[in-house]
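Read the structure below first, then the notes.
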Amino acid sequence: MRYHSSRGQAPAIDFSDALLGGLAPDGGLYLPESWPVLANAAPGSYAELAAAVMAPFVAPVIDQADFTAMVADAYSMFSHPDVCPLVELESGHHLLELFHGPTLAFKDIALQLVGRLFDHELDRRNERVTIVGATSGDTGSAAMEAVRDSDRVDIVILFPAGRTSEVQRRQMTTLGSPNVHAAAVDGTFDDCQDLVKAMFADEDFRARSRLSAVNSINWARVMAQIVYYVWAAQQLGRRDTPTTFCVPTGNFGNVFAGHVARNMGLPVERLIVASNTNDILTRLIESAEMVAEDVVPTLSPSMDIQISSNLERLLFELLDGNGPATAELIAGFREHGRVALTPAQHERLVAEFVGERLSDTETLEVMADVHATSGMVIDPHTAVGIGAARRLRRPDEIVVTLSTAHPAKFPTAVEQATGIRPELPAHLADLFDRDEVVTPLPNDLAAVEDFVDSVRRA
Ligand SMILES: *Cc1c(COP(=O)(O)O)cnc(C)c1O
């Protein structure tokens, strides 16, 4: 399998280069040149399905037996035997629990594997890298946890100071691994993401620090997320009948993986893009226009995003794989904060995607109602998904809502809605007693680059 850039101005490369490179040199995102077709449903564990679904994407660079072993090892870190268990919330509406990994959010599913792939490939090449990333909360700790104590990787994670939950922050600042560094930036998540992009655009800096990324632009993350869509359909006996998936969405990585599963032949009825007040995607689906607004902090901070970087991968498809046209569209959006799809492009978008938004008040209502009617305690991101699915579900439609975080990650919102303060699982029970190490940084490229230079070993 070869990978090309969504902007069409970079050479095609293999999986290992896309893995380590993150962003393409022309600023685009890597995509496989073709979509492999899913094999028929077969019984087996999550890890077995995962190895089978992903195999065509990593061949021929990653040895099949090595890959199967990495996949098995990654998913052995999960506390539930099903890895991603499916539970019925109400008739026709299921929750796919994606939060049983080490840091309690769905990011672990991709990053536990990506960490192992990095070590494997860097060992083979006898190289080191410096990973830089931006997080609105959950990616950071999941990435840090995935590479902690690696001899080949240093990681610096930028997060918006004061805008993550205390649990999220402590998960990033208390790892105590010498290769893991947390920086609190005086700005928003989009500022952090822009700083990361600017570091990659600084050729000299990029080369001297051997920069790499594991945030949601990394193709390998999308790849690992395809699996649980197939898994859910298989658990429901629906590998041949269409299912609707509802996805609490921020950077569009998760729901894009659902779209890829569909491209690979999974019957998907529609994909519901559920957003909080930061609803740029829902507005795009409703109006064909993407208009940037300021980021508003909400109870679901991992979705407090206005510029969804993975959307570029879908735009590239809507523009029939025309890289320069995609680059122009993105540049137009960057410059004017607004772009419009053509009627034909918009028609293709709405044939598959539908959007819905929930305010914080509505999110709290869903959390309270789910608790009252089912006894289940859910996190605010999952609540946005459930609320959206309940509004849009047609009478005989089967919907799987992706449950993206453990409620204990957002205890304040959960307590506000239900009166219950959810407990952290045993492996994180002493989180509030651990010492924090964090470096405050201004929203300034030079200052951030100086910090990275000061801590990296590569
Ligand atoms: C990251 C995250 C999301 C958003 O996922 P995207 O892939 O960025 O769209 C939703 N919920 C939780 C809990 C997350 O951590």
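The values are calculated or read from the model by the stated rules, or taken from the named source; none is laboratory data. These numbers were taken from a predicted model, which means no experiment stands behind them. With ideal geometry, Cβ positions are generated from the backbone for all residues, glycine too; neighbour counts draw on all protein chains shown. Protein only, heavy atoms only, side chains kept; ligands, DNA and RNA dropped before computing areas. Shrake-Rupley method; radii C 1.70, N 1.55, O 1.52, S 1.80 Å.
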Measuring from its Cα centre, the chain shows a charge dipole (+1 at each Lys and Arg Cβ, -1 at each Asp and Glu Cβ) which, in debye to the nearest 20, is 600
Show me 384-396, 351-363 ranked by packing, highest mean number of other Cβ atoms within 10 Å first.
-> 384-396, 351-363
Taking the Cα centre of the stretch 305-458 as origin, work out the dipole magnitude from +1 charges on Lys and Arg Cβ and -1 charges on Asp and Glu Cβ, in debye rounded to 20.
-> 340
Give me the accessible area per residue for the chain, probe 1.4 Å, as a whole number in Å².
-> 36
Please work out the Cα center distance from the stretch 93-150 to the stretch 194-256, rounded to the nearest Å.
-> 11
Between A372 and D396, with labels modelled 7 Å along Cα→Cβ, what's the label distance in nm to one decimal, could you check?
-> 3.2
Once the piece of chain linking K197 and R338 is laid out straight, how much longer is it, given 0.36 nm per residue of separation minus the C-alpha distance between them?
-> 48.8 nm
If R0 = 30 Å, then R2 and N126, at their Cβ-Cβ distance, give a FRET efficiency to the nearest 0.05 of 0.80
Per residue, what volume in Å³ does the convex hull of the Cα atoms of the chain enclose?
-> 129
Work through the residues other than D119 whose Cβ is under 14 Å from its Cβ and net out their charges, Lys, Arg +1 and Asp, Glu -1.
-> -3
Largest first and to the nearest Å, give the Cα extent of the stretch 108-225 along each principal axis.
-> 40, 30, 29
For E328 and A69, extending 7 Å from Cα along the Cα-Cβ vector and measuring point to point gives, in nm, a value of 5.0
Which percent of the accessible area of the chain is formed by carbon and sulfur heavy atoms (probe 1.4 angstrom)?
-> 49
Hey, what did the stretch 140-245 get for relative contact order, percent, Cα under 8 Å, at least 6 apart?
-> 22
Debye calc, one equal point scatterer per Cα of the stretch 320-410, no solvent, log10 I(q)/I(0) at q = 0.17 1/Å comes to -0.86
Lys/Arg +1, Asp/Glu -1 at C-beta; the chain dipole; positive extreme among A198, L20, T68 | T68
